[in-house]
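Following: one structure in structure tokens, then a few remarks.
The values are calculated or read from the model by the stated rules, or taken from the named source; none is laboratory data. This is a predicted model, so every value here is computed, not measured. Here the Cβ positions follow ideal geometry from the backbone for every residue, glycine too, while neighbour counts run over all protein chains shown. Areas reflect the complete protein model, heavy atoms only, side chains present, ligands, DNA and RNA absent. Shrake-Rupley method; radii C 1.70, N 1.55, O 1.52, S 1.80 Å.
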Amino acid sequence: MSETAPAHIRHGSSMGQPLTRRDGLLKVTGGARFAADNHPAGMLFAVMATSSIARGRITALDTDDARAHPGVVEVMTSGNTPKLARHPDATDEMFMYKLDLLQDDRIRYANQPIAVVIAETLEAATEGAALITPTYTAEPAHIGLDAAERFEPPAIGVGEPPNAGKGDVAAGLAGAEKQVTAVYETAAQYHNAMEPHAVVAAWDGDRLTLDTPSQGMSVAQARLAGLFGIDPANIHIRSPFLGGGFGSKGVLWAPQVLGVMAARLVDRPVKLVTRREQMFGPVGHRAETRQTLRLGADADGLLTALDHHTLTSSSTFDDFFEPSGGVSHTLYATPALATSYEAVRLDTGTPFFMRAPGEASGSVALESAVDEMADACGMDPLAFRLKNYAEVEPISGKPFSSKSLRACYEQGAEKFGWASRPLAPRQMRDEAGLLVGWGMGTASFPAIMFQAGARAVLHADGSALVELGAHDMGQGAWTALAQIAADGLGLDYERVEFRMGTSDLPNAGIAGGSSQTATSGAAIHNAGADVIAQLADIAMGDERSPLFGAGNAGVIARDGRLVRRDDESRGESYADILARAGRSGLEGKGQGAGNPADQEKYAMHAHGAVFAEVKVDPDLGQIRVTRLVGAFAAGRIINPRLVRSQYFGGMIWGVSFALHEHAVLDPRSGRTMNGNFAEYHVPVNADVPSLEAILVQEDDAHVNSLGIKGVGEIGITGTAGAVANAVWHATGVRVRKIPITLDKLL
Ligand code: MOS
């Protein structure tokens, strides 16, 4: 329990239940209104034209044909954009990135917006955009990690120092009985949520109403307020449903802001939806990496040193550096540890957070290297990990707030049947003659807390309203947060009206870093606690109440009643307490945030272990993942059905990471050659194997008030490495260039 929640609050029964999604019926019947489903009266359609070069200048932009096209109302170019209050390259706050908003003739990456065509119909806008005729002076593009000069990034991720470590790595390696040095490459991945970035923008004077999918409505408000010189309170964002976010909707990118500018220009509501191929450039991506891992182990198979160097890229104009080394700070005990970074600047859009940013790319390299070391030591990969996993976070020396990794290893291995795995590779075949391999990986993700606020209102009839500006990317926040709301108020789930997803509600911060359930959940729970505390004060101070004077014994809130803790037969309903006090209702407020004292004292992570089976065609090299078992410990589970689904989603992305996703950029033009869903491969149902996710019991008294850890991102970590290791075990071929495709096996 939290220090802020009074002792007389007791959890009810909604949390922990596998409830189905509140929004499920709306979703499956088409009743859920996503941003682009909105059509305010008088709305026009906008379509971006984007650059076909990656570096250079626009010397001429012929818009005559587009303007003359039937239905086209206006063409927005650098010559006629509404004046911005701030240059979009002026970025001085966290989570603020430079945007290409038609401010000049410079081209910094392929698919950069160069014009916006606004028309009466989507078809006319699309055709108009195709009629925009730019003339460029192109400069050679720098594409690929060897295409530009390396430098040490000043910070990685969100302001973390690039170099970290402890002990003497050189000595640890020199004195090691076994050494592994290996270079792993991971491919660039481009954000492709099912729902592309979209906006429906309507201005009314200096007031702006937006329908746009957002993982951070207050972040978006602040960005727009700065760009347009208006009060953030005058920006109303509606974002009730997202068709996936994955980090990319944590900030506004150029397409959404261009939609807002277009609406300003024509003084009518405008809808702008990013076309699928336009996702490859302006909306963030996971940068490619080349990671060099050096491990040493002694004769007993204990690690003596771990060195993790990452080479990655940012854009030529902004800073985001994929923090791949972070997992090496967390997972394995070693007396000597170093992580370091170099980067190059490429003619691409700026890389960004993509689900498990750093942890995913770093984990596949680390878990592969650990597997190679286990092999060098002649040890089973699970036995090696059980010997070397960290009980105390190696980098900080802090104990983990709750440590269930061993249970994850054991329960996952048991379920998978790992014990019968032959040590050597290429030993197993199925009845059809396919090579069979088993591999594993360790999963980990930090338990992050941001800040959130929430409001709870108890009505005279004993029902309640709970609301906050939280976000549902598809993960089930509508349901999980409502479960917390019900328990916080001691009410049945059905008696609580729950609202979220608009910016006029209390600021819930960001749905990112797998932090929302914990952070918003704490705010919601505290808001409920505030209501109950007020209600208890009223009752206990009223001599007509059966609770009069219960102060020392305390009261329990349950099923819409307060009862004495020492005599549960004495109590009364919320409605009766309010009625006697002549109150029409009560309002409570709550905040959610981490506890700095505990954060100072403990390392906070969710953990897991993933086991994979693959089958590989010995002649053709075709790889299929046939079985995945993940065991994860992530504190209190609010809704096991939704949590399992989150793990599955992460594990599927792990398969995608290991075997499928790879944006191929043409080094001559800088253009993405597979910028579409036909050629940018993600797993389809036929690629997804039998999945099992074990929810390992974990009670964490320190991580936050409700003991919740995030479950959205951890599933990718461990999985990609497990698949890569299984491919090695099937074939004896160690592919260090991810994704592993059949050509690399032949
Ligand atoms: Mo996530 S990459 O914080 O949505």
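Label sites at residue 492 and residue 67, each approximated as a point 7 angstrom past Cα along Cα to Cβ, lie 6.6 nm apart. Phi-derived couplings, Karplus 6.51 cos²θ - 1.76 cosθ + 1.60 at θ = phi - 60°, listed residue by residue for the range 330-335: 10, 8, 10, 6, 7, x Hz, with x used for Gly and Pro. For the range 276-431, the relative contact order is 23 percent, taking Cα pairs closer than 8 Å that sit 6 or more residues apart in sequence and dividing their mean separation by the residue count. Straight Cα distances below 25 angstrom link residue 166 to the lysines 178, 387, 398, 403, 601, with same-chain residues fewer than 8 positions distant left out. Per-residue ellipticity at 222 nm computed for the chain from its helices equals -7000 deg cm²/dmol, with DSSP H segments shorter than 4 residues left out and the rest contributing -39,500 (n - 2.57). A Cβ-based charge dipole, computed about the Cα centre of the range 3-126 with Lys and Arg at +1 and Asp and Glu at -1, lands at about 540 debye. If one puts a single equal scatterer on every Cα of the range 646-746 and applies the Debye formula without solvent, what log₁₀ I(q)/I(0) results at q = 0.11, 0.22 Å⁻¹? The calculated log intensity ratios at q = 0.11, 0.22 Å⁻¹ are -0.47, -1.18.
Test of understanding: given the chain, find the longest segment containing no trypsin sites (Lys or Arg not before Pro) that are in a DSSP loop and have at most 11 other Cβ atoms within 10 Å. List each step's numbers first, then the result.
Details: sites that count: 83, 544, 668.
In the chain, the maximal stretch lacking such sites is 84-543.
Shown is the FRET efficiency for residue 80 and residue 589, computed with R0 = 30 Å from the Cβ-Cβ distance and rounded to the nearest 0.05: 0.05. For residue 561, the residues 5 or more places off, or on other chains, whose built amide H falls under 5 Å of its own are 574.
Each of residue 57 and residue 676 was given a label point 7 Å from its Cα along the Cα-to-Cβ line. The distance between the two points is 3.4 nm. Here the chain has 50 percent of its accessible surface on carbon and sulfur atoms, given a 1.4 Å probe and all protein chains in place.
State the extension gain, in nm to one decimal, for the chain segment bounded by residue 430 and residue 398, taking 0.36 nm per residue of separation less the distance between their alpha-carbons.
On the way: separation 32, 0.36 × 32 = 11.52 nm, distance 4.55 nm.
Taking residue 430 through residue 398 to full extension adds about 7.0 nm, to one decimal.
Our summary gives the range 606-732 a relative contact order of 41 percent, counting only alpha carbon pairs under 8 angstrom and 6 or more residues apart.
For the chain, the share of DSSP beta bridges that are antiparallel, to the nearest 5, is 75%. Placing +1 on the Cβ of every Lys and Arg and -1 on the Cβ of every Asp and Glu, with nothing else charged, gives the chain a dipole about its Cα centre of roughly 480 debye. Residues whose amide H falls under 5 Å from that of residue 341, counting only those 5 or more places apart or on a different chain, are 310, with hydrogens built in the peptide plane. Excluding ligands, DNA and RNA, the accessible surface per residue across the chain is 36 Å² with a 1.4 Å probe. A simple spin-label model places the labels of residue 685 and residue 170 5.8 nm from each other, with each point 7 Å out along Cα-to-Cβ. Coupling constants for the range 359-375 follow from the phi torsions by the Karplus curve (6.51 cos²θ - 1.76 cosθ + 1.60, θ = phi - 60°), and in residue order they are 4, 6, 5, x, 5, 5, 6, 4, 5, 5, 5, 4, 4, 5, 5, 4, 5 Hz; glycine and proline get x. Only lysines eight or more places from residue 615 in sequence, or on another chain, were considered; those with a Cα closer than 21 Å are 415, 737, 744. Coordinate range of the alpha-carbon atoms in the range 702-746 per principal axis, descending: 53, 16, 12 Å.
Remark: the range 216-322 carries a charge dipole of roughly 780 debye about the Cα centre, counting +1 on each Lys and Arg Cβ and -1 on each Asp and Glu Cβ. Note: the range 570-613, Cα convex hull, 273 Å³ per residue. Measuring gaps between exposed loop sites in the chain (GluC sites (Glu not before Pro); DSSP loop; at most 12 other Cβ atoms within 10 Å), the longest gap, sites not included, is 150-390. Note that the range 459-469 has calculated 3J(HN,Hα) couplings of 8, 4, 7, x, 8, 8, 10, 10, 8, 6, x Hz, one per residue in order, obtained from phi through the Karplus relation 6.51 cos²θ - 1.76 cosθ + 1.60 (θ = phi - 60°); glycine and proline are x. What shape does the range 527-620 take by its C-alpha gyration tensor, where a ≥ b ≥ c are the square roots of the eigenvalues and a/c under 1.5 counts as rounded, a/b above b/c as prolate, and the rest as oblate? Since a/c reaches 1.5 and a/b is larger than b/c, the shape of the range 527-620 is classed as prolate.
Between residue 181 and residue 415, take the C-beta separation as r, use R0 = 41 Å, and let me know the FRET efficiency to the nearest 0.05. According to the calculation, E is roughly 0.75. Within straight-line reach of residue 98, meaning a Cα separation under 18 Å, sit the following lysines at least 8 residues removed in sequence or on another chain: 83, 249. I want the local charge near residue 684. Using Cβ-Cβ distances under 14 Å, sum +1 for each Lys or Arg and -1 for each Asp or Glu among the other residues. Cβ neighbours under 14 Å give a net charge of -2.
Does the chain come out rounded, prolate or oblate, given a ≥ b ≥ c as the square roots of the eigenvalues of its C-alpha gyration tensor, rounded meaning a/c under 1.5 and, failing that, prolate meaning a/b above b/c?
Verdict is oblate for the chain.
Annotation: amide H-H contacts under 5 Å for residue 738 (H modelled 1.01 Å from N, sequence separation of 5 or more, or interchain): 185, 186, 187.
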